[in-house]
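Written below as structure tokens is the structure these notes are about.
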Amino acid sequence: MSGDFLLLILSSPSGAGKTTLTKRLREKFPDLLFSVSHTTRQPRPGEVDGKDYHFTGRAEFERDVAGGRFLEWAEVHGNLYGTSLAEIERARATAGCRGMIFDIDYQGARQIKAKVPEIVTVFILPPSMEELLKRLRGRASETEEVVQRRYTVAKKEIEHYALFDYLVVNDRLDDAFEHLSSVILAERSRWWRQAPKAEALLRTGTAHAEAALVAFPGLAR
């Protein structure tokens, strides 16, 4: 990857607020596309195939894995999730696009980081485990058994926090959103992303200096 094209991974345990934060980021930074993952789980109410996820059967998913068509994939809560290589190609082919946001777990983040070292990774933490459990129970669509399973998995996911470049604590949503926005703005200012612009300035400056020497030979003394 080169230039100011930014690849950003957002990861978190269930209930930490990643979905809400991702939605707000997409509104603030419309030049960042959202990577639509593939999954074998069933759609939830209101989810749209091709927008929220590419819903697919397990056999088809496994064929794509064998064919090398995924940048990363993992099994989470008994379902398969993966990021197609075609998603990055879609972003690069979209006019005005300056990058892509990925919503994946730590397993996927590790896989992509190994292949694309310059990708930016952010892990969103809940303010406390008690608050996380409260948020999980606030989902009326899930049973207590599912809540407890997600809570157990969440503790394991948090153990891998050191894999990520940034940690954002989602205590107050507005504060967490500002922190995430700051990450994007800071990463876009990395010297290697802006180097082409600096080099263009230098080339223009050299051309002007040479022209000035021709017009005003005395400048060389």
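Given the condition assigned to a strand (DSSP E or B), among the β-branched types (Val, Ile, Thr), out of contact with any helix residue (DSSP H, G or I) (no Cβ under 6 Å at 6 or more places or on another chain) and at pLDDT 95 or above, answer yes or no: does some residue in region 31-46 qualify?
Checking region 31-46: at least one residue is assigned to a strand (DSSP E or B), among the β-branched types (Val, Ile, Thr), out of contact with any helix residue (DSSP H, G or I) (no Cβ under 6 Å at 6 or more places or on another chain) and at pLDDT 95 or above.
Determine which member of the set 57, 46 is on the phi > 0 side of the Ramachandran plot, free of Cβ contacts under 8 Å to residues at least 24 places away in the same chain and of a type outside the set (A, V, I, L, M).
It is 46.
Provide a single number: the residues in region 89-130 that are modelled with pLDDT of 90 or more and within 12 Å of the chain's Cα centre (by Cα).
Selection size over region 89-130: 14.
For the structure I just gave you, tell me whether residue 89 is farther than 23 Å from residue 113 by Cβ and free of Cβ contacts under 8 Å to residues at least 24 places away in the same chain.
Judged against the criteria, residue 89 is not a match.
Mind counting the residues in region 92-113 that are surrounded by fewer than 18 Cβ atoms within 10 Å (Cβ to Cβ), in contact with a strand residue (DSSP E or B) (Cβ under 9 Å, 6 or more places away or on another chain) and of a type in the set (A, V, I, L, M, F, W, C)?
Looking only at that region, the number is 1.
Considering each residue of region 47-70, count those that are within 23 Å of residue 96 (Cβ to Cβ) and either in contact with a helix residue (DSSP H, G or I) (Cβ under 9 Å, 6 or more places away or on another chain) or crowded, with 19+ Cβ neighbours inside 10 Å (or both), and give that number.
0
The values are calculated or read from the model by the stated rules, or taken from the named source; none is laboratory data. From a predicted model like this one, the values you see are computed outputs, not experimental measurements. Virtual Cβ from ideal backbone geometry, glycine too; neighbours counted across all protein chains shown.
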